[in-house]
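The values are calculated or read from the model by the stated rules, or taken from the named source; none is laboratory data. Bear in mind that the values here come from a model prediction, so they are computed numbers and not experimental data. A quick note on method: Cβ atoms are made from the backbone with ideal geometry, for glycine too, and the neighbour counts reach across all protein chains shown.
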Amino acid sequence: MLTRRPIVPNVIEINFQAGHLLGCNVYLVFDDSEWILIDIGYEETVDEILELVRQLDFPLAKCKMILTTHADVDHAQGLAAAKRRLRTRIGAHPKAADLLRRGDALQTFAEIEPQGIRLAMPPVEVDIELSEGDTIDVGRMRLDVWHAPGHTDHQLAFRLDNVLFCADAIFRDGCVGAIDAHHGSNLVDCAATLRRIRDSDVEWLLPSHGPIFRKDPELLGATIGRIEQYQHMADFGTCAVDWPLIDEWEREIAEGRLPP
Ligand SMILES: [Zn+2]
């Protein structure tokens, strides 16, 4: 048996517990009677993760469900395998459920043709569709479900007391999950989700990549400012809401103006 090394009370992060990087963060939330996982990562690491869970003395039969923050391949590819092994249920946002059931390769980033990325995305049935305001009991504990769109339209975050499992909404360096039109990203929603996190009384952020960190309103403010700039920049293509230069150009055309 291995010694449990919780990162906050009742929460183990699998990469930290393993002492080496396996992939995206996989959180195990436990009480005496049952436990859940938040995300599972790639298929090739499922066996190692479940073996670690077993060595930590969590009976596999006591897994209540696997929650999915969003349907990206690096978070969700292993869901089908893990569901089979654990005979458990999968919880996800309805829009994520649709992608997971179809094994969608494009919106999940499993296939990015210009970069030669072509990964498997095994279809998996979602058993519990989760939306804003839902709650999930883990023994005597309760998780609140937040709809946290921005990186994707279907991203979920989960609140447990003063802790927020914030998915790809923000990382310790102030970066956010990839902004990509084909992925269903939305800059206005992204900023709104960050404002919600900033204005909440959550104290700790447990993201889906990188270390956990204490919520810092200054860091969040800087990221919100950056995302608000992106909303008016051509760099972000159809994710931008407008492009002020084109409005200026239109005026200059109408006036027949040339550079002085
Ligand atoms: Zn991610």
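Every residue, every condition in (1) surrounded by 15 or more Cβ atoms within 10 Å (Cβ to Cβ); (2) touching a residue at least 40 places away in the same chain (Cβ under 8 Å); (3) out of contact with any strand residue (DSSP E or B) (no Cβ under 9 Å at 6 or more places or on another chain); (4) of a type in the set (Ser, Thr, Tyr), yes or no:
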{"position": "Asp199", "(1), (2), (3), (4)": "no, no, yes, no"}
{"position": "Arg214", "(1), (2), (3), (4)": "no, no, no, no"}
{"position": "Gln229", "(1), (2), (3), (4)": "no, no, yes, no"}
{"position": "Asp235", "(1), (2), (3), (4)": "no, no, yes, no"}
{"position": "Cys239", "(1), (2), (3), (4)": "yes, yes, yes, no"}
{"position": "Glu248", "(1), (2), (3), (4)": "no, no, yes, no"}
{"position": "Ala254", "(1), (2), (3), (4)": "no, no, yes, no"}
{"position": "Pro260", "(1), (2), (3), (4)": "no, no, yes, no"}
Tally of residues being modelled with pLDDT of 95 or more and in a loop (DSSP other than H, G, I, E, B) across region 235-260: 5
So Pro123, is it touching a residue at least 12 places away in the same chain (Cβ under 8 Å), touching a Leu at 6+ places or on another chain (Cβ under 9 Å) and not hydrophobic (A, V, I, L, M, F, W, C): yes
Residues that are more than 12 Å from Ala96 (Cα to Cα) and free of Cβ contacts under 8 Å to residues at least 60 places away in the same chain, drawn from region 126-140: Glu132, Gly133, Asp134, Thr135, Asp137
Qualifying residue in region 48-61 (condition: closer than 20 Å to Ala167 by Cβ, touching a Pro at 6+ places or on another chain (Cβ under 6 Å) and modelled with pLDDT of 95 or more): no
One residue from His232, His209 being within 22 Å of His147 (Cα to Cα) and in contact with a Phe, Trp or Tyr (Cβ under 9 Å, 6 or more places away or on another chain): His209
Residue in region 48-59 that is in contact with a Ser or Thr (Cβ under 9 Å, 6 or more places away or on another chain) and of a type outside the set (Asp, Glu) present: yes
Search result, residues across region 193-221 that are away from the ligand (no atom under 16 Å from the Cβ) and in a loop (DSSP other than H, G, I, E, B): Ser200, Asp201, Val202, Glu203, Lys215, Asp216
Matching entry among Leu187, Leu245, Leu219 (being touching a helix residue (DSSP H, G or I) at 6+ places or on another chain (Cβ under 6 Å) and not hydroxyl-bearing (Ser, Thr, Tyr)): Leu187
Residue that is nearest to the ligand (Cβ to nearest atom) [pool: residues in region 43-66 that are part of a loop (DSSP other than H, G, I, E, B) and without any contact (Cβ under 8 Å) to a residue 40 or more places away in the chain]: Phe58
Matching entry among Ala97, Ala105 (being within 21 Å of Ile36 (Cα to Cα) and either away from the ligand (no atom under 16 Å from the Cβ) or part of a loop (DSSP other than H, G, I, E, B) (or both)): Ala97
Residue satisfying condition, being surrounded by fewer than 17 Cβ atoms within 10 Å (Cβ to Cβ) and under 20 Å from the mean Cα position of the chain (by Cα), within set Leu21, Leu60, Leu28: Leu21
Index of the failed condition, Leu79 passing every other in (1) more than 26 Å from Phe16 (Cβ to Cβ); (2) under 17 Å from the mean Cα position of the chain (by Cα): (1)
Neighbours by Cβ (under 7 Å, 6+ apart or cross-chain): first from region 67-81, touching a residue at least 12 places away in the same chain (Cβ under 8 Å) and within 8 Å of the ligand (Cβ to nearest atom); second aromatic (Phe, Trp, Tyr) and assigned to a loop (DSSP other than H, G, I, E, B): Asp72/Phe109; Asp74/Tyr42
